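Participant: Starting off with a structure, shown below.
The values are calculated or read from the model by the stated rules, or taken from the named source; none is laboratory data. Not measured: the values here are computed from a predicted model. Backbone-built Cβ (ideal geometry, glycine too); neighbour counts: all protein chains shown.
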Amino acid sequence: MTDSPDNSHHMDLAPPLSEKLQDYLRYLKLARNVSPRTINAYRADLEQFLGFMQFHPDLGPMRLHHLQRAHVRAFLADLQQSDYTRTSLARKLASIRSFCKWARRQRYIDSDPTIGILTIKQERKLPKFLRMPEIAALMDAPDKSTPDGLRDRALLELLYASGLRAGEAHLLDLKDLDLTELEVHVRHGKGDKERVALLGDQAADALNDYLERGRPAMRRTCTENDAALFVNKFGRRLSDRGIRRIFDKYFTDASDRLKITPHVLRHSFATHLLDNGADLRAVQELLGHANLSTTQVYTHVTTERVKEVYDKAHPRS
């Protein structure tokens, strides 16, 4: 199944609906401290839903209070016809649920029309991860004789050693790194949570090389004071997108099996820790997961691996 990109659904909502949507997004930002990226996802989902409402013969822009369960179901059925994936449908329903809960508290609707709509079951996809030879090939890919090669190696080593998300690495400052204690202070985790991530010796060595020879060379032409740990060729903070581009540059050197992204490296970090006997709760802490159930998906990966080993090794399997 394919997905239409969300930004293709940008539409001009009538003022009554547009104002309510803006109020709700403000509530997410100020009361719930939701990240800008998540707010944009809510905006796209709800613009699409409210746009559907606006042109529905029973509803229209002035009749939010007439919203019924049947209308929400009709919207989801429409999306299903358009070949949206289950993951997207589940996310859109979650956005509508959250909005309706808020709208009911604001007395815009008398009852929540999403109550009684079953959560859409998602296809369970196991996280993709790299094998150890692929990790080694990825770490060896950057050219260590150039400033940007030193930066790329330090970034790749850091992400694999710590399990950080690309967005967290992009926001790291020099002061967040403690190479003596082999720690990284993550100040802007998901949901703006803080945590301490750990480093290994190889990541520390790569970061030392970058800080001594790579970063100063990349900062030479930049007069602005920038505390960013990872910088681009202009000496300014490396963007989230810039980090993804680095992965695009090296993934073919490491694997012809799958496309390597920052998240694949994060999956590899978690899977390899559990493979080697790490405690699930410790891995949850290191990944910065709010719920243990999010981390438990990696136990399915390691179970699959055990089955593979059994099938290959057992004489009567």
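Participant: Quick check: anything in the stretch 265-280 without any contact (Cβ under 8 Å) to a residue 24 or more places away in the chain and closer than 16 Å to A137 by Cα?
Facilitator: No, that holds for no residue.
Participant: Tell me, which residue of the stretch 223-239 that is small (G, A, S) and under 16 Å from D176 (Cβ atoms) is nearest to the chain's Cα centre (by Cα)?
Facilitator: Checked the stretch 223-239; the qualifying residue nearest to the chain's Cα centre (by Cα) is A228.
Participant: For the stretch 207-285, give me every one of the helices (runs of 4 or more DSSP H) that falls completely inside it and has 1 or more residues that are hydroxyl-bearing (S, T, Y) and surrounded by fewer than 19 Cβ atoms within 10 Å (Cβ to Cβ).
Facilitator: Filter on the stretch 207-285 gives 240-254.
Participant: Report whether or not K20 is over 20 Å from D110 (Cα atoms) and buried (at least 19 other Cβ atoms within 10 Å of the Cβ).
Facilitator: Against the criterion (over 20 Å from D110 (Cα atoms) and buried (at least 19 other Cβ atoms within 10 Å of the Cβ)), K20 does not qualify.
Participant: Further question on the same structure: When you go through (1) over 27 Å from S145 (Cβ atoms); (2) in contact with a strand residue (DSSP E or B) (Cβ under 9 Å, 6 or more places away or on another chain) one by one for L229, which number turns out not to apply?
Facilitator: Condition not satisfied by L229: (1).
Participant: Moving on to the next point. State which residue pairs qualify: first residue among the charged types (D, E, K, R) and inside the stretch 51-62, second residue not in a loop (DSSP other than H, G, I, E, B) in any location, beta carbons under 9 Å apart, and separation of 6 or more residues or different chains.
Facilitator: Partner pairs satisfying both residue conditions: D58/H66; D58/A70; D58/H71.
Participant: Return a yes/no flag: does the stretch 298-316 have any residue that is touching a residue at least 24 places away in the same chain (Cβ under 8 Å), in the same structural domain as A206 (by TED's automatic domain parsing), among the basic types (K, R) and within 30 Å of T146 (Cβ to Cβ).
Facilitator: The answer is no; no qualifying residue exists.
Participant: So how many residues does the stretch 35-50 have that are surrounded by fewer than 19 Cβ atoms within 10 Å (Cβ to Cβ) and either among the acidic types (D, E) or touching a residue at least 40 places away in the same chain (Cβ under 8 Å) (or both)?
Facilitator: 3
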